[in-house]
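Here is the structure we will look at.
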Amino acid sequence: MRIMNRKSSHSTNKVNLVTANNKGCKISEEYRSIRTNFLSSIKDQESKALIVTSPNYGEGKSTTAANFAISLAQLGKKVLLIDANLRNSTLHFSFKKSNYVGLSSVLLGRTILEESIIESEIIGLDLLTSGPDPFNPADLLGSHLMKTLIETATEKYDLVLIDSPPALEFTDTKIIANHCDGVILVIQWGKTKSNDVIHAQKILSDSTKLMGVILNDRK
């Protein structure tokens, strides 16, 4: 199934949490529409761990991941949002949380998952920030600990959303996809090239299934 929505977002290191800050605006309503389409599409399926990615940087994937997670929590879902972009993390800025420990800390064995998860200001939404930048992101994301982490998280949460690096920039997303139930691809109106979309789909298709495409119309 494809989820086609046009919405505006903001390209800064701190993404706009519009669904939390302005629930009544048109953009928040469009995120709720995305939520409805998504939940309808997985009604009878086991889809608990999902990647949110884009072909390239600057196409709105982190904004989408954060606001989609918020909209799901607002519906009463228990959601864990993971920042798996170990090269260029953003979510701790957006939610105004510490990044002293996070995903990289868990994967390096310096702490455990339960001690690294942070409660957000949104009821039902927890965060696992990226943690300190590691020297070997791809190796950590491909480790058995990453697989175990996702399995543990899906047992405790209704949905686990993973904000990953762009699919065409690094191998990280394809590596993570092997442990997930599906991927949501974010593309930007007027910027993302059709060949890049096709290439990204091809890269990920043998690792997981495409759950939806979100068309991001940035003003």
Looking at the chain as a GNM with Cα springs under 10 Å, which of Ile118, Ile162, Ile198 has the largest mean-square fluctuation? Ile198
Please identify the GluC sites (Glu not before Pro) of region 71-180 that satisfy two criteria: DSSP loop assignment and at most 14 other Cβ atoms within 10 Å. Which are they? Glu121
Gyration tensor (alpha-carbon) shape descriptor, region 13-138, a/c threshold 1.5: prolate
Could you check what % of the DSSP bridge pairs in the chain are antiparallel, to the nearest 5? 5 percent
Sequence gap of 8 or more, or different chains, plus Cα separation below 23 Å: how many lysine pairs satisfy both in region 50-192? 19
Would the chain count as rounded, prolate or oblate if I go by the C-alpha gyration tensor, calling it rounded below 1.5 in a/c and otherwise prolate when a/b exceeds b/c, oblate otherwise? rounded
What's the ranking of 22-28, 35-41 by average number of surrounding C-beta atoms within 10 Å, highest first? 35-41, 22-28
Taking every DSSP beta bridge with both residues inside region 36-161, roughly what % is antiparallel (nearest 5)? 20 percent
Please give the charge dipole size of the chain, origin at the Cα centre, charges +1 on K and R Cβ atoms and -1 on D and E Cβ atoms. Round to the nearest 20 debye. 820 debye
Find the relative contact order for region 69-121 and round it to a whole percent, using C-alpha pairs within less than 8 Å whose residues are 6+ positions apart. 22 percent
Considering Cα pairs under 8 angstrom that are at least six residues apart, work out the relative contact order of the chain and quote it in whole percent. 32 percent
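Bear in mind that the values in this text are calculations on the coordinates, not laboratory data. Bear in mind the structure is a predicted one, so any value in this text is a computation, not a measurement. Neighbour counts are summed over all protein chains in view; Cβ atoms, including those assigned to glycine, are modelled from backbone coordinates with ideal geometry.
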